[in-house]
Amino acid sequence: MSPKKIEASSNIYTALLALVCGIAGATAGLVAYKCYFDYETLFKIVNVFR
Amino acid sequence: MSTLTKILIVLLSLLVIFLCGTIVTYVGTATNYKAAYENVEKELMASEKSSSQYQQQLEEKKIAMEALNDKLDEEIATISSERDQLKNDLRNAERAKIALDEKVQNLASSALKFEQTVGGMEESLKTTRAELDTARAEGIKLSKNLNEITASLEQKMAQLSALEDERKRLLEEKANMENAMAGGNSVSSGTSAVVFEPVTQIQDSAMAAVESAEEISIDGVITAIDGAMATISVGSADGVQRGMIFHVVSNDGFLCDIKITDVDTEVSAGALQLVQRQPAVGNTASTSW
């Protein structure tokens, strides 16, 4: 028995998945941009009451 | 690719799109709390700064107010002391005023009494002067009568003396005649008759000893001259009567006459007449030349 050959699908669903990944990445970039330029940090929680 | 995978891909895509849309919407509309915090912090700093300034101003105002209060307290104390002093002065002045009013009333009553006394004394003085004038006039009249009586008495005495001498002379003549008659009877008629002279001589008749009162000279001095009027230093006490004429003379001769118009006890006044020269105070005025 010969091994089954796996091929990557390349259809509208993969394109949709790629678009969704792009949208998610753009959203993450937007969030990172806003966080950095508004609070000057990406992950740290700003301590308001210094 | 199985159908389930396709369905999962589609659902995942929808979910991602929904979530990403929601996240984008939230991020786009989210409030920038840092900027808001900074603004609030700036406002807080400004407020604290202004608050400190206001506090400082309040302290300065309090200090100024305390100083002003102290100053006003001092002024109030000073004014209160001055007010007390003025009250005391007012009370003293009122007491002095009451005392002075009493003095004034006493003096007024005394003045009224004194005025009444002076009025009584003036009336008494007038009465006394009138009585004195009357007494002086009566004295002058009595003096005139006394002079007249004295003159008459002396005249009578002189007449009596002359009559006594005449009586003596007649007695002597009688005695001589009786002797002659007795001798005539014994002596012959051829002898001549002897003429006998009485020892007592006939004297002159009696004369008035003094002049009449009207002929007594009155001498005075001019004491004042006012126009055509003159005042002399003799009055009714010296025998001056209204209408008498006084002749004013000086070393240089006759000056004028003064006809008496008003007579007082000690002084007289009259009008100048026959003025040859203006008389002066001190010139002699006399009723005789």
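Key figures for this structure:
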| item | result |
| --- | --- |
| Single match in A:32, A:28 (criterion: in contact with a Leu (Cβ under 9 Å, 6 or more places away or on another chain), at pLDDT 80 or above, surrounded by 12 or more Cβ atoms within 10 Å (Cβ to Cβ) and not aromatic (Phe, Trp, Tyr)) | A:32 |
| Check on residue B:93, among the aliphatic types (A, V, I, L, M) and more than 14 Å from every other protein chain (Cβ to nearest Cβ) | yes |
| Boolean, residue B:86 is aliphatic (A, V, I, L, M), within 60 Å of the chain's Cα centre (by Cα) and away from every other protein chain (no Cβ under 14 Å) | yes |
| Those residues of region B:34-47 which are of a type in the set (S, T, N, Q) and either touching a residue at least 40 places away in the same chain (Cβ under 8 Å) or open to solvent by 70 Å² or more (accessible area, probe 1.4 Å) (or both), in sequence order | B:39 |
| Counted residues, region B:220-248 - those being in contact with a Cys (Cβ under 6 Å, 6 or more places away or on another chain) and either open to solvent by 30 Å² or more (accessible area, probe 1.4 Å) or of a type outside the set (A, V, I, L, M, F, W, C) (or both) | 0 |
| Selection status of residue B:31, part of a loop (DSSP other than H, G, I, E, B), without any contact (Cβ under 8 Å) to a residue 12 or more places away in the chain and of a type in the set (Ser, Thr, Tyr) | yes |
| Subset of region B:35-65 (residues that are within 14 Å of chain A (Cβ to nearest Cβ) and acidic (Asp, Glu)) | B:38, B:41 |
| Sole exception among (1) modelled with pLDDT of 80 or more; (2) surrounded by 10 or more Cβ atoms within 10 Å (Cβ to Cβ); (3) within 30 Å of residue B:32 (Cα to Cα) for residue A:43, by number | (2) |
| Any hit, region B:90-110, residues being in a helix (DSSP H, G or I) and under 30 Å from residue B:241 (Cα atoms) | no |
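For (1) more than 15 Å from residue A:30 (Cα to Cα); (2) part of a loop (DSSP other than H, G, I, E, B); (3) in contact with a helix residue (DSSP H, G or I) (Cβ under 7 Å, 6 or more places away or on another chain), each residue gets a yes or a no:
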{"residue": "B:9", "(1), (2), (3)": "yes, no, yes"}
{"residue": "B:24", "(1), (2), (3)": "no, no, yes"}
{"residue": "B:40", "(1), (2), (3)": "yes, no, no"}
{"residue": "B:53", "(1), (2), (3)": "yes, no, no"}
{"residue": "B:57", "(1), (2), (3)": "yes, no, no"}
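To keep it simple, each residue is scored yes or no on (1) in a loop (DSSP other than H, G, I, E, B); (2) over 30 Å from residue B:129 (Cβ atoms); (3) modelled with pLDDT of 90 or more.
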| position | (1), (2), (3) |
| --- | --- |
| B:254 | no, yes, no |
| B:259 | no, no, yes |
| B:269 | no, no, yes |
| B:277 | yes, yes, no |
| B:282 | yes, no, no |
| B:288 | yes, no, no |
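The values are calculated or read from the model by the stated rules, or taken from the named source; none is laboratory data. Note that this is a predicted model, so its numbers are computed, not measured. Here Cβ is always computed from backbone atoms with ideal geometry, including for glycine, and neighbour counts include all displayed protein chains. Calculation scope for accessible area: heavy atoms of the full protein, side chains included, ligands and nucleic acids excluded. Shrake-Rupley method; radii C 1.70, N 1.55, O 1.52, S 1.80 Å.
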